[in-house]
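The values are calculated or read from the model by the stated rules, or taken from the named source; none is laboratory data. Note that the structure is a prediction, hence the values are computed from the model and not measured. All Cβ positions, glycine included, derive from the backbone under ideal geometry; neighbour counts span all protein chains shown.
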Amino acid sequence: MSWELGTIRVLFVIIISAASVHLHPFGYSKLQSMALGLALGLFFVFFEMRLERASLKRLMGAAFGSILGILGALMISHLLSLTAIDRAVNSFFQVTLLLLMAYVGLVLGANKGDLLNLGALGGLFSAEKPVRKHFKILDTSVIIDGRIADVCDTSFIDGTLIVPQFVLRELQLVADSSDPLKRNRGRRGLDILQRMQKMSNITVQIVEEDFPQLREVDLKLIELARAYEGKIVTNDFNLNKVAQLQGVPVLNINDLANALKPVVLPGEVMRVFILKEGKEYNQGVAYLDDGTMVVVDNAKKMISKTIDISVTSVLQTTAGKMIFGKYDERRAMVEAVHQ
């Protein structure tokens, strides 16, 4: 929907500019009229983009407040017209007063609009409920990672997923990289995003908000999260820390993955597949389905085999969880004989 809206905005600016050239107001030349129409069109588009984020209550409050302000200004202007003030000065006061009271009424009405109870009006507003939107802002790393799509597929994430245009540009740069590894990662991220857009249980929204004064993408994400009162979804360690320091909530996919890893206690028996040799003497290394590394003593000879081990300890690190175990060859031989 983003490109269709962008096309409509461009056409609107072109039409305003063409109409200004054709009518050439104020006796301007064609070039001056085109510049005036272009400036007005861009101003209207900017104003519309700001209104897009305003709630219905705020819009109605602003309209009601501005109407009251205009009515008050008309009453005072009528009283001023009955005085002996010079006509030119009187006209200046009347116009200034009209603009001032309309502006004050609009601002105050918009600020107090959230206090309106639209349900009391009945009709279309009778079913209105104060629903708060929950926005999740995705960064480039979490899109490329791909696990966010699996989480969304299980309906554990609600609300609207926000993907800013500057993240899409960064993703496109990675996909166009001359490095084959980066290029594959970028294309994978685009595929993941396309997959998420097709999911019926979530809404993926592409937004055009940018912060030109900020050069770092991470800082732009933090400002966007503040603007939408949303949470940043990432697996980037540095972005996680910076956002938390600035008071912006973060959903870290790595933290979620670590929280969902199976809980094992020393003494429990696990069945693992020894994949390779460990760093220390006579060690073997296995991996669980979630990627957790299992270091097994006395398992060097059991590479490429599935064995039962006894858990000796569990170590939690910043990179994840590691499980240490021991393979009892004698016990395994006894059990094999009994079987």
Looking only at residues in the range 138-161 that are among the acidic types (D, E) and surrounded by fewer than 16 Cβ atoms within 10 Å (Cβ to Cβ), which one is farthest from Q194 (Cα to Cα)? D158
Would you be able to say whether some residue in the range 49-62 is in the same structural domain as G105 (by TED's automatic domain parsing), loosely packed, with under 12 Cβ neighbours inside 10 Å and modelled with pLDDT of 80 or more? no
So, I148, is that one in contact (Cβ under 8 Å) with a residue 60 or more places away in the chain and under 14 Å from Y228 (Cβ atoms) or not? no
Considering each residue of the range 187-207, count those that are at pLDDT below 90, of a type outside the set (K, R) and either more than 26 Å from R226 (Cβ to Cβ) or surrounded by fewer than 16 Cβ atoms within 10 Å (Cβ to Cβ) (or both), and give that number. 6
For the range 286-339, which positions are assigned to a strand (DSSP E or B), modelled with pLDDT under 85 and buried (at least 17 other Cβ atoms within 10 Å of the Cβ)? K321
What single numbered condition from (1) closer than 28 Å to M49 by Cα; (2) buried (at least 18 other Cβ atoms within 10 Å of the Cβ); (3) free of Cβ contacts under 8 Å to residues at least 60 places away in the same chain fails to hold for P164? (3)
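This table checks each residue for (1) under 24 Å from E48 (Cβ atoms); (2) basic (K, R); (3) in contact (Cβ under 8 Å) with a residue 60 or more places away in the chain.
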| site | (1), (2), (3) |
| --- | --- |
| R183 | no, yes, no |
| G186 | no, no, no |
| L193 | no, no, no |
| M199 | no, no, no |
| K220 | yes, yes, no |
| L224 | yes, no, yes |
| Y228 | yes, no, yes |
| K231 | no, yes, yes |
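Residue-by-condition table, conditions (1) assigned by TED's automatic domain parsing to the domain that holds D158; (2) under 30 Å from S304 (Cβ atoms); (3) not charged (D, E, K, R):
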site: R183; (1), (2), (3): yes, no, no
site: R195; (1), (2), (3): yes, no, no
site: E208; (1), (2), (3): yes, no, no
site: E223; (1), (2), (3): yes, no, no
site: R226; (1), (2), (3): yes, no, no
site: T234; (1), (2), (3): yes, no, yes
site: F237; (1), (2), (3): yes, no, yes
site: I274; (1), (2), (3): no, yes, yes
